[in-house]
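Q: Structure provided below as structure tokens; questions to follow.
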Amino acid sequence: MLNPSANESELVRDLAAAYRQMTDQIGRVIVGQNEVVEQLLMALFSRGHCLLVGVPGLAKTLLVSTVSKILHLSFKRIQFTPDLMPADITGTDILQDDPETGRRKFVFLSGPIFANMVLADEINRTPPKTQAALLEAMQEHHVTAGSQTYHLPEPFFVLATQNPIEQEGTYPLPEAQLDRFMFNIKVGYPSRAEEMEIMKRTTSTQYVDLQAQLDGEQIQRLQEVVRQVVVADHVFEYVADLVRATRPREANVPKFVPELLSWGAGPRACQYMILGGKARAILHGRLHVTTEDIRAVAYPVLRHRLVTTFNADAEGITTDQIIQRLIEAVPLPHEEAAAKVRRA
């Protein structure tokens with residue numbers, strides 16, 4: 001647990017230690033997926049929402065519920081279906097008798113969105129009207145019912161899942177709503193050794209007792225500490241160069257960009273890349289952001305903000321492959337490049 005009277009440097013050390021303990025606790029339930037866990041925690045400490053994309057059976061739901069337990073946060077799961085209405089997730093006014101006056105009055109009955117951590121399972125299976133209701137909650141941290149506004153508990157995170165295979169009968173999220181998610185986290189298949197371990201754990205009577213590491217108040221304080229991490233000018237320049245290189249109509253972009261991308265990332269990608277870099281630096285026990293941090297978060301930040309062309313789709317080129325080529329094409333800032341030469 002964190003010391004509430006600690007200064008910033010002590011908090012960073014404590015958080016780095018807590019991060020190791022959290023990953024250890026999560027590892028007792030979830031086999032592998034270390035990169036997914038790190039990206040999820042980076043988003044949580046940056047006040048960001050996540051989109052988890054992976055085929056069924058990869059423990060996406062179990063991962064989110066496990067994180068909520070070790071962070072001592074309230075957790076609600078919403079299974080999105082085609083008949084789900086906005087009031088089903090936000091809540092609605094119901095008519096009740098007032099025992100004191102004997103008159104009837106409207107009372108707000110809160111929905112499952114009123115939790116610290118909300119799992120929106122298969123978010124693309126519900127119509128746009130319900131998706132839009134979730135969007136307001138994600139962006140504004142409140143919901144509106146009638147003429148009243150109700151604030152959501154803090155901290156508040158939405159973690160949505162999507163199945164990348166079966167798209168029949170789905171409602172793809174529009175780009176404007178995808179842009180609200182800080183990270184698009186790709187959940188892949190486990191290795192053979194990990195799959196063997198999964199079989200052993202899940203087919204026995206083994207019970208895991210998880211220990212809470214942080215509470216909501218401590219998480220909010222750490223979110224403030226993350227925003228105070230120092231970022232040098234050359235890192236800002238590198239982020240700007242990297243994001244602007246995704247826009248096919250910008251001058252001096254790499255030659256492959258107009259061929260493979262019809263639209264690039266907007267300014268929100270820059271903001272989330274810096275915040276993600278700050279969170280990663282703290283989780284690794286540092287008080288400054290490096291370009292290595294930026295490169296690490298570039299994939300989850302950019303992969304859902306790039307719109308590929310027909311040529312790219314026809315050739316089977318993914319956004320991850322384009323991001324890799326961008327990282328190779330965009331040069332490091334002069335200060336860092338010179339420092340690497342001196343170290344060599």
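Q: Which one of VAL143, VAL158 is surrounded by 14 or more Cβ atoms within 10 Å (Cβ to Cβ), farther than 22 Å from PRO300 by Cβ and not assigned by TED's automatic domain parsing to the domain that holds ARG305?
A: Answer to the check: VAL143.
Q: Looking for whichever is touching a residue at least 60 places away in the same chain (Cβ under 8 Å) and not in a helix (DSSP H, G or I) here; the options are ARG325, ARG286. Which one fits?
A: Within the list ARG325, ARG286, the selection yields ARG286.
Q: State yes or no: is VAL36 part of a loop (DSSP other than H, G, I, E, B), in contact with a helix residue (DSSP H, G or I) (Cβ under 8 Å, 6 or more places away or on another chain) and either in the same structural domain as VAL12 (by TED's automatic domain parsing) or of a type in the set (A, V, I, L, M) (or both)?
A: No.
Q: Which one is surrounded by the fewest Cβ atoms within 10 Å (Cβ to Cβ), of the residues in the stretch 26-59 that are over 21 Å from ILE198 (Cβ atoms) and touching a Lys or Arg at 6+ places or on another chain (Cβ under 8 Å)?
A: HIS49
Q: Looking at the stretch 296-317, which of its residues are farther than 25 Å from HIS234 by Cα and either aromatic (Phe, Trp, Tyr) or in a helix (DSSP H, G or I) (or both)?
A: Of everything in the stretch 296-317, those that are farther than 25 Å from HIS234 by Cα and either aromatic (Phe, Trp, Tyr) or in a helix (DSSP H, G or I) (or both) turn out to be PHE310, ASN311, ALA312, ASP313, ALA314.
Q: Scan the stretch 1-32 for residues that are out of contact with any helix residue (DSSP H, G or I) (no Cβ under 7 Å at 6 or more places or on another chain) and modelled with pLDDT of 75 or more and report the count.
A: Qualifying residue count for the region: 7.
Q: Still on this structure, I have one more. Among the numbered criteria (1) farther than 19 Å from ALA137 by Cα; (2) in a loop (DSSP other than H, G, I, E, B); (3) touching a residue at least 24 places away in the same chain (Cβ under 8 Å), which one does LEU73 miss?
A: In the conditions (1) farther than 19 Å from ALA137 by Cα; (2) in a loop (DSSP other than H, G, I, E, B); (3) touching a residue at least 24 places away in the same chain (Cβ under 8 Å), LEU73 misses (1) alone.
Q: For TYR150, indicate whether it is more than 30 Å from VAL107 (Cα to Cα) and either at pLDDT below 85 or more than 20 Å from the chain's Cα centre (by Cα) (or both).
A: Against the criterion (more than 30 Å from VAL107 (Cα to Cα) and either at pLDDT below 85 or more than 20 Å from the chain's Cα centre (by Cα) (or both)), TYR150 does not qualify.
Q: Given the options ASP293, ASP320, name the one that is of a type in the set (D, E, K, R) and either more than 25 Å from LEU11 (Cβ to Cβ) or in a loop (DSSP other than H, G, I, E, B) (or both).
A: Answer to the selection: ASP320.
Q: So, in the stretch 187-236, how many residues would count as being under 28 Å from SER74 (Cα atoms) and touching a strand residue (DSSP E or B) at 6+ places or on another chain (Cβ under 6 Å)?
A: Count: 1.
Q: What tally of residues in the stretch 283-297 results from selecting those that are within 17 Å of the chain's Cα centre (by Cα) and farther than 19 Å from ASP320 by Cα?
A: Residues in the stretch 283-297 being within 17 Å of the chain's Cα centre (by Cα) and farther than 19 Å from ASP320 by Cα: 1 in total.
Condition check ((1) closer than 11 Å to LEU119 by Cβ; (2) under 16 Å from the mean Cα position of the chain (by Cα); (3) at pLDDT below 80) across all residues:
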position: LEU51; (1), (2), (3): no, yes, no
position: LYS60; (1), (2), (3): yes, yes, yes
position: VAL67; (1), (2), (3): yes, yes, no
position: SER74; (1), (2), (3): no, no, no
position: MET85; (1), (2), (3): no, no, no
position: ASP98; (1), (2), (3): no, no, yes
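Q: Let me ask something else. Could you list, in sequence order, the residues of the stretch 214-252 that are without any contact (Cβ under 8 Å) to a residue 60 or more places away in the chain, among the β-branched types (Val, Ile, Thr) and surrounded by 16 or more Cβ atoms within 10 Å (Cβ to Cβ)?
A: VAL231, VAL239, VAL243
The values are calculated or read from the model by the stated rules, or taken from the named source; none is laboratory data. These numbers were taken from a predicted model, which means no experiment stands behind them. Here the Cβ is made from the backbone with ideal geometry for all residues, glycine too, and neighbour counts use every protein chain on show.
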